[in-house]
Amino acid sequence: MVIMRNLLIPLLALLVTYGCHHESPGQRDTDLSFDTTAVVNEGEKIAKATFQTLSSNLKNAIEEGGIEHALQFCNVEAIPLTDSLSSHHDVSIRRATHKPRNPYNTADSLEANVIKQYIDNMESGENVQPVTYSDENRITFHAPITITNQLCLNCHGKVNEDIGEEHLATIQELYPNDQATGFEMGDLRGVWTVRFPATHFDSTEIQQLKQ
Ligand code: HEC
């Protein structure tokens, strides 16, 4: 059973809407307690480092051989680069989305709930914040990925306006079921998911914070 707690956006509404069960307060508290601030800080640090690695590689690829080369580069390297950062930090990092280019990045049901909540929040003009929750084996962090750079539109913007014809052909060849176009500046592109083993925060420092 999934236990959700300490959510920074009103996930309670999600729980009601999507029918997850919530255990009564106090149950298994000692096993599952975690410091939300520590998780958010660590999650943000890891997501930022991953974003920086991906974007500096993307920029290098564009400088080397333009958008065409960068498309081929991302096709081969985006997931291995993300995975290498997962190993480095001893966590699992991924980018999940409601509009996937690579089907591997399709949001699972929990990620889809968070995405839906973010989209609702953005539509009503609210800020979108990181979310954390835990189950027996792991602690999960999510944060929004928004389109904040014109550069993104070369490959994720409007067909025939932002994305050139030849690049669209390459995208469709590499990803026959691509759904990752039509985005505008400020749109939600997806979420970061960082999953920590439940023991990740069991350092002395965190234990002291918990007391
Ligand atoms: C040169 C073209 C290109 C540019 C520019 C680009 N992307 Fe992508 N993007 C891709 C490709 C190709 C994939 C699929 C990678 C794979 O197969 O793992 C992708 C995948 C993604 C994904 C993973 C979800 C999915 O649909 O597979 C996210 C999130 C994403 N891009 C966000 C961005 C953001 C934000 C920017 C701007 C900072 C950006 N991209 C710029 C080509 C691009």
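The values are calculated or read from the model by the stated rules, or taken from the named source; none is laboratory data. Everything numeric here is computed off the predicted structure, so don't read it as measured data. Every residue, glycine as well, gets a Cβ built from its backbone with ideal geometry; the counts of neighbours run over all protein chains shown. All accessible areas refer to the heavy atoms of the entire protein, side chains included, with ligands and DNA or RNA removed. Shrake-Rupley method; radii C 1.70, N 1.55, O 1.52, S 1.80 Å.
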> What is the stretch 11-201 by shape, rounded, prolate or oblate, if you read a ≥ b ≥ c off the alpha carbon gyration tensor as root eigenvalues and call it rounded for a/c under 1.5, prolate for a/b larger than b/c, and oblate otherwise?
Replying inline: prolate
> Along the stretch 131-142, what does the Karplus equation 6.51 cos²θ - 1.76 cosθ + 1.60 (θ = phi - 60°) give for ³J(HN,Hα), rounded to whole Hz, x for Gly and Pro?
Replying inline: 10, 10, 7, 9, 10, 4, 9, 7, 10, 10, 10, 10
> What does the accessible area of Val76 come to, in Å² to the nearest 10, when a probe of 1.4 Å is used?
Replying inline: 90
> Could you give me the ³J(HN,Hα) list for the stretch 143-154, computed from phi with Karplus coefficients 6.51, -1.76, 1.60 and θ = phi - 60°, whole Hz, x at Gly and Pro?
Replying inline: 9, x, 10, 10, 7, 10, 9, 4, 3, 4, 5, 4
> Rolling a 1.4 angstrom probe over the protein heavy atoms, how many square angstrom per residue are accessible across the stretch 11-201?
Replying inline: 52
> Rounded, prolate or oblate: which one fits the stretch 91-138, using the alpha carbon gyration tensor with axes a ≥ b ≥ c (rounded when a/c is under 1.5, else prolate when a/b beats b/c, else oblate)?
Replying inline: oblate
>> Which order do you get for Glu111, Glu161, Glu126 if you rank them by accessible area with a 1.4 Å probe, largest at the top?
In response: Glu161, Glu126, Glu111
> Near the amide H of Ile163, under 5 Å away, which other amide H atoms are found, from residues 5 or more places off or on another chain, if H is placed in the peptide plane?
Replying inline: Lys158
> What does the charge count near Val114 come to, summing +1 for each Lys or Arg and -1 for each Asp or Glu among other residues with Cβ under 12 Å from its Cβ?
Replying inline: -2
>> 5 Å is the cut-off here: which amide hydrogens, built 1.01 Å from N in the peptide plane, fall below it relative to Ala198, excluding neighbours closer than 5 in sequence?
In response: Arg138, Ile139
> Got a number for the accessible area of Tyr133? Probe 1.4 Å, square angstrom, nearest 10.
Replying inline: 10
> Taking square-rooted eigenvalues a ≥ b ≥ c of the alpha carbon gyration tensor, is the stretch 77-187 rounded, prolate or oblate, where a/c under 1.5 means rounded and, failing that, a/b exceeding b/c means prolate?
Replying inline: oblate
>> Skipping prolines and chain starts, which residues have an amide H placed within reach, meaning under 5 Å, of the one on Arg189, given they are 5 or more residues away or on another chain?
In response: Ile145, Thr146, Ile147
> Using θ = phi - 60° and the Karplus curve 6.51 cos²θ - 1.76 cosθ + 1.60, what whole-Hz ³J(HN,Hα) does each residue of the stretch 70-75 get, with Gly and Pro shown as x?
Replying inline: 5, 4, 5, 4, 4, 4
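Considering only protein heavy atoms, with the full assembly of protein chains and a 1.4 angstrom probe, order Lys45, Lys99 by accessible area, largest first. Provide the component values of the computation, followed by the final result.
Values: Lys45 125, Lys99 80 Å².
Solvent-accessible surface, decreasing: Lys45, Lys99.
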> Once the whole set of protein chains is in place, how much accessible area is left on Leu81, using a 1.4 Å probe, in Å² to the nearest 10?
Replying inline: 30
